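Structure first, commentary second.
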Amino acid sequence: MSIRFDSVTVAYDGNVGSLALDALDLTVEPGEVMALLGPSGSGKTTALRAVAGFVRPVSGRVLLGGRDVTDLPPYRRGIGMVVQQYALFPHLRVDENVAFGLRARRTPRGEIRQRVAEALEMTGMAAYARRYPRELSGGQQQRVAIARALAIRPRVLLLDEPLSALDAQLRSGMLAELARLHRELPDVSMLYVTHDQVEALTLADRIAVMDKARLRACGTPRELYRAPTDAFTASFVGGANLLPVTVGPGGVSFAGAELKVETGDVVAGARATLCVRPHLVGLGAGPNQLVGVVREIQWRGATHRLYVEVDGHAVMADLRELRDPPAHGESVSLHFAAEDAVLLPAGVVGDGR
Amino acid sequence: MAGDPALQAVPTRSAPRNEGPRRWSPQLWAAPPAAALALFFLYPLALVVRQSFQPDSGGTSVRPYADVFASQAFRHALWTTVWLAVASTAGCLVLGFLLALVISFVPFPGAKGVARFIDVYLSFPSFLITLALLFIYGTTGIIGSFQFLTTPWGVLLAEVTYFTPFVMRPLLAAFSQLDTAQLEAASSLGARAPRIVRRVILPEALPALAAGGSLVLVLCLNEFGIVLFTGAKGVTTLPMLVYGKAILESDYPGACVVAVVNVLISVGLYGLYRVVSRRAGA
Ligand SMILES: Nc1ncnc2c1ncn2[C@@H]1O[C@H](COP(=O)(O)OP(=O)(O)OP(=O)(O)O)[C@@H](O)[C@H]1O
Ligand SMILES: [Mg+2]
């Protein structure tokens with residue numbers, strides 16, 4: 001079932017001065033996984049709650065499968081929802097938690113038993129059916145929460161940072177599980193809120209990037225990563241070097257160096273931002289060479305990250321582990337291929353990450 | 001017998017077993033409150049118990065008990081006390097739960113103010129409520145035609161009115177701790193308000209209900225001011241009987257017997273309530 005935001009605006013406590021969601025237009029296609037990515041306070045949770053029916057938009061409409069549900073209470077929307085703190089019912093056993101939604105819908109007894117077993121099987125929690133939530137680990141509790149949401153067979157599943165309370169290793173395991181669930185339930189549309197770009201890139205068919213209550217960009221992970229359209233998206237979806245440049249004929253100039261990159265239809269003389277991913281920057285002489293001073297070196301196991309100061313700007317380079325890393329204060333050359341750089345018409349926002 | 005626990009709390013008894021002066025201090029700290037408890041509570045209680053075994057005719061016997069238990073007035077008062085207390089507690093639990101639900105979960109302006117007023121209300125003396133009810137329902141009151149204030153129902157009304165906030169306060173505290181994410185999860189799973197109250201909120205509120213309910217039960221068993229002020233002629237509870245025997249009839253042994261029974265019932269019902277509510281809460 002599709003989810004559609006039709007210029008949805010949300011203000012908390014009638015405070016129209018600071019909107020929590022500003023005229024959001026977004027469509028999640030049936031069976032699609034859409035990630036809502038953005039920094040803290042950008043309105044991701046608010047967007048989710050508008051779909052679930054816990055906040056009422058001051059204007060705009062929310063449509064599920066083409067039907068306007070803006071005025072429908074949460075219990076009549078038939079949506080599965082999973083939140084960061086699991087929100088399991090502490091006095092009910094795992095199977096009773098999973099059966100909760102089915103009981104509320106007055107599903108016949110025999111069917112409840114079968115569907116609970118099915119949902120627990122699907123999330124790998126069948127062996128824990130008679131336990132209380134407090135007797136489970138965080139990851140197991142989150143599986144139960146997912147089973148509980150899936151038991152009512154929703155056609156829309158909302159997930160609000162479902163993995164952020166888990167440790168890194170468990171998170172990547174659960175990410176694979178969610179991808180598997182999505183393959184097993186191809187008809188369920190998922191709206192997945194996260195501020196972790198890896199989760200978004202791994203799981204999502206499309207990513208919607210939010211900032212300050214607005215939608216900044218929306219596209220496939222590949223589009224947003226390879227060809228971001230603005231500096232915010234570039235820095236938020238994967239790290240990026242954002243260099244202020246002046247466009248010239250057949251290239252750009254940065255810190256006195258001429259760089260050959262695709263300028264598209266940007267007019268010569270304009271100021272623009274050049275986006276280069278750190279892992280595409282090489283060390284040593286080459287095309288599009290930048291010379292600077294090493295300010296910091298971080299060894300990250302498989303890679304070294306260098307922060308090189310070029311004309312007052314920090315340029316990041318992720319390099320395969322170096323046998324002889326340069327010393328602090330050493331002068332080095334960096335280079336990148338012309339096709340690895342993207343020219344953004346907008347100005348620079350911060351120095352990336 | 002009442003003095004024994006207090007004696008054990010005196011440090012010199014047990015201290016030599018634990019070497020070093022540092023083991024002394026906990027017992028030393030416990031001594032003053034234990035002594036105060038013995039002096040101001042256990043000692044008078046012991047006197048009451050002793051008096052209840054000393055009939056006016058002299059000597060020590062269980063005559064006062066036999067006399068009191070045989071009297072129709074006592075048995076009637078016993079029954080009245082217990083059913084009034086139990087009914088008032090039930091009324092307070094139901095009413096308090098509903099009111100606390102509304103204050104906590106139905107957004108209306110002034111909900112905070114109401115919650116704060118509950119705290120103030122707890123400090124009011126119980127007869128004040130009865131007085132207020134007299135002004136409204138009494139024979140000379142605003143709605144004077146009702147005569148029910150002088151019936152047990154009047155006492156019940158007054159006790160429910162006065163003691164309901166004692167249930168509401170722990171409930172309000174419990175509700176403010178409740179995870180709203182759970183309520184939202186329940187409602188997105190398809191549960192409407194009544195089901196959420198029954199299946200999510202009520203189980204979480206059980207400990208608070210048990211705490212408030214047991215307190216109110218004991219307070220109702222021993223309530224004196226409300227019964228006195230409604231002026232209900234037919235309503236004689238155990239505390240009223242104690243008052244009547246001691247002050248009006250100068251039958252001190254009899255009064256002490258009723259008092260002892262009252263204390264035993266309070267402690268007994270309270271214990272029963274705790275056991276039952278612990279079962280329900282687990
Ligand atoms: N219940 C509320 N009352 C008032 N303001 C709120 C409420 N919930 C959120 N806000 C405000 O609305 C804005 C958007 O909040 P929202 O929770 O949607 O952010 P988010 O993108 O989910 O952030 P995070 O990543 O930290 O969860 C924030 O500025 C926040 O302060
Ligand atoms: Mg959030």
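Lys and Arg at +1, Asp and Glu at -1: add these up for the other residues within a Cβ distance under 11 Å of A:Glu339 and post the number.
Overall, the nearby charge balance is 0.
Viscosity 1.567 mPa s, temperature 4 °C: what is the translational diffusion coefficient of chain A from Stokes-Einstein with a Kirkwood Rh over Cα pairs, rounded to a whole number of µm²/s?
57
Can you give me the distance in nm between label points at A:Gln114 and B:Ala30, each placed 7 Å from the Cα along the Cα-to-Cβ direction?
The answer from the label model is 6.2 nm.
What's the center-to-center distance, using Cα atoms, between segment B:71-128 and segment B:252-267 in Å?
25
Give the longest segment of chain A that steers clear of GluC sites (Glu not before Pro) in DSSP loops with at most 13 neighbouring Cβ atoms within 10 Å, not counting the sites themselves.
A:1-261
Using Cα springs under 10 Å in a Gaussian network model of chain A, which residue among A:Leu36, A:Leu322, A:Leu306 shows the largest mean-square fluctuation?
Result for chain A, Cα springs under 10 Å: A:Leu322 fluctuates most.
For A:Arg131 and A:Val198 in the same chain, what is the full-extension length gain: residue separation times 0.36 nm, less their Cα-Cα distance, in nm?
Taking 0.36 nm per residue and subtracting the Cα distance, the gain is 20.9 nm.
Run the helix sum for chain A: -39,500 (n - 2.57) per DSSP H stretch of 4+ residues, divided by residue count, reported at 222 nm to the nearest 500 deg cm²/dmol.
Calculated mean residue ellipticity at 222 nm is -7000 deg cm²/dmol.
Using a Förster distance of 51 angstrom, determine the FRET efficiency expected from the C-beta separation of B:Asp119 and A:Asp167, and round it to 0.05.
Result of the calculation: an efficiency of 0.75.
Rank A:Leu72, A:Leu259, A:Val293 by how far each Cα sits towards the positive end of the charge dipole of chain A (+1 on Lys, Arg Cβ; -1 on Asp, Glu Cβ) and give me just the farthest.
Checked the options; the winner is A:Leu72.
Relative to the present Cα-Cα distance, how much length would full extension add between A:Leu181 and A:Val291 at 0.36 nm per residue of separation?
34.7 nm
Taking the Cβ of each residue in A:His328, A:His304 as the centre, tally the other Cβ atoms inside 10 Å and list the residues starting with the fewest.
With the fewest neighbours first, A:His328, A:His304 line up as A:His328, A:His304.
Set the Förster radius R0 to 41 Å, insert the Cβ-Cβ distance between B:Ser57 and B:Val86 as r into 1/(1 + (r/R0)^6), and round the FRET efficiency to 0.05.
With a Förster radius of 41 Å, E is 0.65.
If Lys and Arg each add +1 and Asp and Glu each add -1, what is the summed charge of the other residues whose beta carbon sits under 13 Å from the beta carbon of A:Lys260?
In short, -4.
How about segment B:186-282: which GluC sites (Glu not before Pro) there are in a DSSP loop, with at most 16 other Cβ atoms within 10 Å of their Cβ?
B:Glu249
Let me spell out the model: positive unit charges on the Cβ of Lys and Arg, negative unit charges on the Cβ of Asp and Glu, origin at the Cα centre of the protein assembly as shown. What dipole size does that give, in debye rounded to 20?
Around 2140 debye, computed over the protein assembly as shown.
With a 10 Å Cβ neighbour count serving as the proxy for reagent exposure, in which order, fewest first, do A:Thr220, A:Thr202, B:Thr161 appear?
If I rank by nearby Cβ atoms, fewest first, I get A:Thr220, A:Thr202, B:Thr161.
Report the residues of segment B:161-187 in range of a label on B:Leu95: point 7 Å along Cα→C-beta, backbone N strictly under 14 Å from it.
In segment B:161-187, the label zone of B:Leu95 (backbone N under 14 Å from the point 7 Å along Cα→Cβ) covers B:161-169.
Taking only Cα atoms and a 10 Å spring cutoff, compute GNM fluctuations for chain A and point out the largest among A:Ala268, A:Ala126, A:Ala179.
A:Ala268
So which trypsin sites (Lys or Arg not before Pro) in segment A:219-319 are both in a DSSP loop and have at most 15 other Cβ atoms within 10 Å of their Cβ?
Counting only loop positions with at most 15 other Cβ atoms within 10 Å, the trypsin sites (Lys or Arg not before Pro) in segment A:219-319 are A:Lys260, A:Arg300.
Around A:Gly53, with a cut-off of 10 angstrom between Cβ atoms, what is the net charge of the other residues, counting Lys and Arg +1 and Asp and Glu -1?
Spelling it out: positives minus negatives among the neighbours equals +2.
What Kirkwood radius, in Å to one decimal, follows from the Cα pairs of the protein assembly as shown?
That comes to 31.3 Å for the protein assembly as shown.
So, in Å, what gap is there between the alpha-carbon centers of segment A:1-36 and segment A:278-341?
After rounding, the separation between the Cα centres reads 40 Å.
Find how many whole Å separate the alpha carbon centroid of segment B:44-65 from the alpha carbon centroid of segment A:195-222.
The distance from the Cα centre of segment A:195-222 to that of segment B:44-65 comes to 84 Å.
Would you calculate the separation in nanometres between label points at B:Ala173 and A:Glu321, each defined as 7 Å from the Cα along the Cα-to-beta-carbon direction?
5.7
As an exercise, identify the trypsin sites (Lys or Arg not before Pro) in segment B:175-219 lying in DSSP coil whose Cβ has no more than 15 other Cβ atoms within 10 Å.
Filter output for segment B:175-219: B:Arg192.
Rank B:Thr161, A:Val28, B:Trp29 by how far each Cα sits towards the positive end of the charge dipole of the protein assembly as shown (+1 on Lys, Arg Cβ; -1 on Asp, Glu Cβ) and give me just the farthest.
Checking the options against the dipole of the protein assembly as shown, the answer is B:Thr161.
FYI, it's all coordinate maths here, none of it is from the lab. Predicted model, so just to flag it, every value in this text is computed and none were measured. Cβ sites come from the backbone with ideal geometry, for glycine too, and all protein chains shown count toward neighbours.
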